[in-house]
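Let me begin by presenting the structure, written as structure tokens, before commenting on it.
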Amino acid sequence: MDAARRRLVLRLLAVALLAIALVVIGHVTGVTANLSTEKIHGLAVRSGSWGAVIYIGLFAVGLFVYVPALVFVAAGVLAWGHVYGGLLAYAGAFVGAITSFTVVRAIGGRPLGELRGARVRKILDGIERRPILTVALLRTFLLSAPALNYALALSPVGWRSHAAGTALGLVPSVAVTSVFFGVLFG
């Protein structure tokens with residue numbers, strides 16, 4: 001195995017170990033069990049003026065340990081209503097996605113851009129041609145899913161394109177889910 005290939009494998013292994021470690025830590029410490037909609041809502045309400053900052057921070061941490069973003073959107077809507085809660089959910093989803101992207105990119109680099117298979121290259125060429133649009137569409141349908149955060153970080157998408165696509169794509173997904181939870185919770 002040549003040196004470049006060995007580096008690629010080691011970086012992917014490091015990211016895989018990070019993901020596994022974070023999930024295990026989340027379960028062993030009880031973080032994932034304590035990040036339910038009800039508990040996040042209660043903490044946000046009890047925290048007064050710091051509630052919004054704590055909520056956004058928990059959103060970012062929750063994405064690292066694979067807590068679904070919908071849990072946080074629901075908690076935000078419960079705590080602050082569908083408008084202000086939706087805005088805070090948008091902020092939390094954005095901060096969480098950017099944080100995950102930055103950390104995973106720092107550890108793993110862009111190894112998916114180095115893949116050469118014909119099918120994979122076709123997909124990656126599309127992402128490289130229109131990175132903002134691709135990220136926006138993925139975020140529109142997948143919100144800030146932790147697996148998507150990792151995949152985008154390992155792809156050839158640049159940080160600015162990722163941030164712009166995330167900012168655009170989260171608008172419809174967070175808006176729709178906030179309204180849904182607003183109607184659901186009354």
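Observations on the structure shown:
- Anisotropy class of region 33-95 from Cα gyration tensor, a/c 1.5 cut: rounded
- Volume per residue of the C-alpha convex hull in the chain, rounded to whole Å³: 111
- Net charge of Cβ neighbours under 12 Å - reference G108; Lys, Arg +1; Asp, Glu -1: +3
- Farthest positive-ward along region 53-179 dipole, Cα basis, beta-carbon charges - from I54, S173, L112: L112
- Förster radius 35 Å - calculated FRET efficiency between L10 and I54, Cβ distance, rounded to 0.05: 0.45
- HN-Hα J in Hz across region 112-126 - Karplus 6.51, -1.76, 1.60, θ = phi - 60°, x for Gly and Pro: 5, x, 8, 5, 10, x, 4, 5, 5, 4, 4, 5, 5, 4, x
- Whole-angstrom gap from region 122-165 to region 1-80, using each part's C-alpha centre: 19
- What the phi angles of region 94-105 give under the Karplus curve with 6.51, -1.76 and 1.60, with θ = phi - 60°, is a coupling list of 5, 4, x, 5, 5, 5, 4, 4, 5, 5, 5, 4 Hz, glycine and proline written as x.
- Separation in nanometres of the label points that stand 7 Å from Cα toward Cβ, at R46 and V179: 3.4
- Of the trypsin sites (Lys or Arg not before Pro) in region 104-152, the ones in a loop by DSSP (not H, G, I, E or B) with at most 14 other beta carbons within 10 Å are R116.
- Contact order normalised by residue count of region 53-140, Cα under 8 Å, 6+ apart, percent: 26
- Inverse of mean 1/r across different Cα pairs in region 86-165, Kirkwood, Å: 12.7
- Estimated 222 nm signal from helices in the chain, with DSSP H stretches of n ≥ 4 weighted -39500 (n - 2.57), rounded to 500: -28000 deg cm²/dmol
- Rounded to the nearest Hz, the phi-derived 3J(HN,Hα) couplings of region 159-175 under the Karplus curve 6.51 cos²θ - 1.76 cosθ + 1.60 (θ = phi - 60°) are 4, 5, 5, 4, 4, 5, x, 5, 4, 6, x, 6, 4, x, 5, 6, 4, where x marks glycine and proline.
- Net charge of Cβ neighbours under 15 Å - reference L18; Lys, Arg +1; Asp, Glu -1: +2
Read-outs throughout are calculated quantities, based only on the coordinates presented, and are distinct from any laboratory measurement. Only a predicted model underlies this, so the values are computations on that prediction, with no experimental measurement involved. A quick note on method: Cβ atoms are made from the backbone with ideal geometry, for glycine too, and the neighbour counts reach across all protein chains shown.
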